Amino acid sequence: MEALHSQDATDYMGQNPLKLLLDFVLKLNSAFVTAQELKDVFCAILAGATAGEGLGFNRAFLFLANEEKKVLAGHFGLGPLDPQEAGEIWNRISSKRLSLFQILEGVRGKLEDDSHPLNRFVRQIEIPLADMDNCLIQTLRRNQALLITDSPRVGAVHSHEMCKLFGAGELATAPLNTHGKEYGVVVADNIFTKSPISENSLYSLHLFAGLAALAICQRNMCQTLEARVSKLKEVNKAVEAQKDLLIEIERYSATGRMVDHLLHEIRNPLAAIGGIARLLMRKEDDHSKRQHLSTVVKEVEKIERTLRGIAELHDIEAVKCCEIELTSLVDTIIVISQTDIEDTGIVLHKNYPREPVLIMGDREKLQEAILCIIRNSIEAMPDGGVMVVALTRKGTDIELRISDSGLGIARGHFKKADNPFFTTKFNAMGLGLSKAKKIVELHGGSLFLTSNRIGGTTCVLTLPRILNS
């Protein structure tokens, strides 16, 4: 990993230090503001501490406070590994006159390189936050920049152990604190140039660390805000879904009340009409009049069948579940339909898994639903054809596909086919598929229609299966 210190730092010494510092702060602030992630802020911190255009230290290390573990933990290090590498890097940066932003681009992505010796070194260091004898903890807790030296000196903190740990005679430390929040500590040294760390350099590092702490705070606030916005979007989506569900429930509830009322109001006069027509038909000797009365009776019976279908559809509210072996259930339904299959000349193909397929369901209602689908397929092939009944495991579900080579359903009718009273058949109510779909959905499954490769329609029925099956 390259160091960011440039020999050009010496060129700035004769200039106004305050002007240089303000110029650097403005540039660094731009880097902090444009940072997309925390690691970009960390990159700017270490780059700013070591760049010749910045504070010009040889090396810099970043320690972050971990409140959960209650430690100050080393995270990143930036700088050359030896004097030879330092000289090569400084000469290259000096000759190219690289700016702070160019340097930032050069080190972006390198901070998380676990294989680099400086990162390996600093990430081994963890200091308990309660250890007030440690000078890094003192820097953090007192919110004060410290000059740490290997030998006693006025205005400095003497710590032979800390200097030995970093291999430098002097260390500058500054807290990353703002608004009462302790984020961590920046440690910097001049291990290769051996340049003394001046009071101005320490002050500049402290000022720089304060600005960096604000950037960390801002980035954390942005992340918190982004997380809350994301959560609000999820909540809003859930509210919208619940709102739609409540509207749907209310619609079905209103429809149910209306159906109950209509059934009650229609059945009584219809029964009277049918009863009187039957009575008159028995007493009437005129053949023509008997024919008319017979037509009335047949139409009344048709209306009564429709009303029974509506009542049955409305009354499907719950299922009584038990363990069912689906393969045997489907075979039972095929046996029931065998005569119709043979009479119409339909060739049946079955494709089942070898192992039993267990589901939890209401056997009687599922039999009614699947029988309705098979009968629809038979009716779609009055002159014979091919029917394929297949069972396939799909994750935690089982998929039953009933395909036919019949007349098929027009593309525009697929979405309407399971609606009550929609039918393309002559003299039919169109309640069968709607009832089948409702039964399947009460079992936590789904039902839909699609076209197939053999020219007809496939009904896809999906049900949750018992996972050990």
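Rounded to whole numbers, the Karplus 3J(HN,Hα) couplings from phi for region 145-162 are 6, 10, 9, 10, 10, 6, 10, x, 8, 5, x, 10, 9, 7, 8, 4, 5, 5 Hz, using 6.51 cos²θ - 1.76 cosθ + 1.60 with θ = phi - 60°, and x at Gly and Pro.
For the peptides 55-64, 207-216, 269-278, the ranking by packing is 55-64, 207-216, 269-278, with the highest mean count of neighbouring Cβ atoms within 10 Å listed first. Exposure proxy shown here: for I266, I359, the number of other Cβ atoms within 10 Å sets the order, fewest to most, as I266, I359. Sorting the segments 377-383, 71-77 by their mean number of nearby beta carbons within 10 angstrom, highest to lowest, gives 71-77, 377-383. Positive end of the dipole of region 115-231 (Cβ unit charges, origin at the Cα centre): among G167, I127, A215, the Cα lying farthest that way belongs to A215. Say R0 is 45 Å: what FRET efficiency, to the nearest 0.05, do E68 and V335 get from their beta-carbon distance? Rounded to the nearest 0.05, the efficiency is 0.10.
The order of the peptides 289-302, 144-157 by mean Cβ neighbours within 10 Å, most packed first, is 144-157, 289-302.
Taking label positions 7 Å along the Cα-Cβ direction at both I466 and E441, the computed distance is 2.8 nm, reported to one decimal. Extension gain, C222 to T396, is 58.7 nm, computed as 0.36 nm per intervening residue step minus the present C-alpha separation.
Computed from the coordinates by the stated procedures, all read-outs in this text should not be read as laboratory data. Note that this is a predicted model, so its numbers are computed, not measured. Neighbour counts are summed over all protein chains in view; Cβ atoms, including those assigned to glycine, are modelled from backbone coordinates with ideal geometry.
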